[in-house]
């Protein structure tokens, strides 16, 4: 299990890129923080659900549906993961 609290934002970004490349057979060199999951990477809604399930399995943290619906880019995925590690205010 990945300990999100112990990862820097940069390390988390690299981990997300590696995960996306592995899951969807993408070229890591072509991925950027602004890469759109749907338009640029051709990830469909079923793939997005698979990604959410994989993130929960690997981190033990569940992204809330309202947060997941706002994710469009790789950077959004990183932001969402950072958000689940922060204590509720």
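The numbers here are math on the coordinates, done by the rules we state, and not lab data. If you're wondering where the values come from, they're calculated on a predicted model, not measured in any experiment.
Tabulated data for the structure shown
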read-out: Hull-based mean projected area of the chain, where the convex hull spans the alpha carbons, in square nanometres; value: 5.5 nm²
read-out: Angle in degrees between helix 74-85 and the longest Cα principal axis of the chain, rounded to the nearest 10; value: 20 degrees
read-out: C-alpha long axis of helix 45-59 to longest principal axis of the chain, angle in °; value: 40 degrees
read-out: Relative contact order (%) - criterion: Cα under 8 Å, at least six apart; region: region 4-85; value: 39 percent
read-out: Helix axis angle, 9-24 relative to the chain longest principal axis, alpha carbon, degrees; value: 50 degrees
read-out: Rg(Cα) / (2.2 N^0.38 Å) computed for region 11-61, rounded to two decimals; value: 1.08
